[in-house]
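Reviewing the structure listed below.
Taken together, the values in this text are just the output of simple stated rules run on the coordinates, not laboratory data. Small disclaimer: the values here were computed from a predicted structure and weren't measured. Using ideal geometry, Cβ is built from the backbone for each residue, glycine included, and neighbour counts are taken over all protein chains shown.
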Amino acid sequence: MKQAVIVSILLLAVAASAMGQNPVADWSDIATLDFKNATVTTTGRTFAFQDGTAYNSDTPGNEKSDWEATIEKDTTVSPAPGVKTRFLLIADSHLTGTGAWLYLMGFRCEPLNSHSPTGHFLKVFEMKALSLSVERLDDNRVVVSIHPFSGKPTTKHFAYKWDRGTGKFRLERTWITKH
């Protein structure tokens with residue numbers, strides 16, 4: 001999955017370069033990537049965003065779109081000194097049915113080496129749910145919640161913290177609240 005994100009972003013750069021555009025002002029800074037016009041791959045779905053919107057079909061080869069995805073929130077945090085992480089909250093709405101999936105994804109830049117001016121981007125966080133809520137998203141923590149039990153008054157919460165060893169966010173704890 002990490003390779004798919006890297007390939008998608010590199011293909012974006014090559015295509016933009018061929019058209020005389022530069023989608024990233026500085027390849028070492030995740031904050032400069034134009035996600036509104038990038039291809040982002042998640043578990044089970046690829047979003048080819050154009051002006052912040054992507055369309056997908058349930059049937060491969062079908063020209064009619066069944067799903068419309070939009071970037072609802074775009075936030076940059078610094079979980080460690082010298083580390084920027086960019087989070088996207090993507091709403092994927094079912095146009096030909098009911099419901100929507102929400103994806104929260106985090107990316108960071110990983111320089112190739114000190115002699116190379118270019119780098120690559122890594123996915124460092126991903127969560128998908130029908131009823132995903134972002135409760136906290138800052139330099140210290142990511143806290144999200146879902147309502148996993150239809151018809152039951154409970155909410156499941158997940159707290160993630162930056163792990164310097166892996167360079168990703170790791171699950172710190174979970175808990176359930178009743179309403």
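How would 162, 67 line up from fewest to most surrounding beta-carbon atoms within 10 angstrom? Write out the running numbers ahead of the final one.
Working: 162 24, 67 19.
Going from sparsest to densest Cβ surroundings: 67, 162.
Within straight-line reach of residue 128, meaning a Cα separation under 20 Å, sit the following aspartates and glutamates at least 8 residues removed in sequence or on another chain: 58, 66, 68, 72, 74, 92, 138, 172. Near residue 162: Cβ cut-off under 12 Å, other residues only, Lys/Arg at +1 and Asp/Glu at -1. The net charge is +3.
Multiplying the residue separation of residue 43 and residue 80 by 0.36 nm and subtracting their alpha-carbon distance yields 10.7 nm. In straight-distance terms, cross-link reach from residue 123 covers every one of the lysines whose alpha-carbon lies under 25 Å from its own, apart from those fewer than eight places away in the same chain; here that gives 2, 36, 73, 84, 156, 161, 168.
Shape class of segment 41-91 from the alpha-carbon gyration tensor: prolate, with a/c at 1.5 or above and a/b greater than b/c. Neighbours of residue 95, meaning other residues whose beta-carbon lies under 14 angstrom from its beta-carbon, give a summed charge of -4 when Lys and Arg score +1 and Asp and Glu score -1.
When 58, 163 are sorted by how many other C-beta atoms sit within 10 angstrom of their C-beta, beginning with the fewest, the order is 58, 163. Were the residues from residue 179 through residue 64 laid out at 0.36 nm apart, the gain over their Cα-Cα distance would be 37.3 nm.
Over segment 48-147, what relative contact order in percent results from Cα pairs under 8 Å that are six or more residues apart? Intermediate values should be presented prior to the final figure.
Numbers: 206 pairs, mean separation 18.0, N = 100.
Reported relative contact order: 18 percent.
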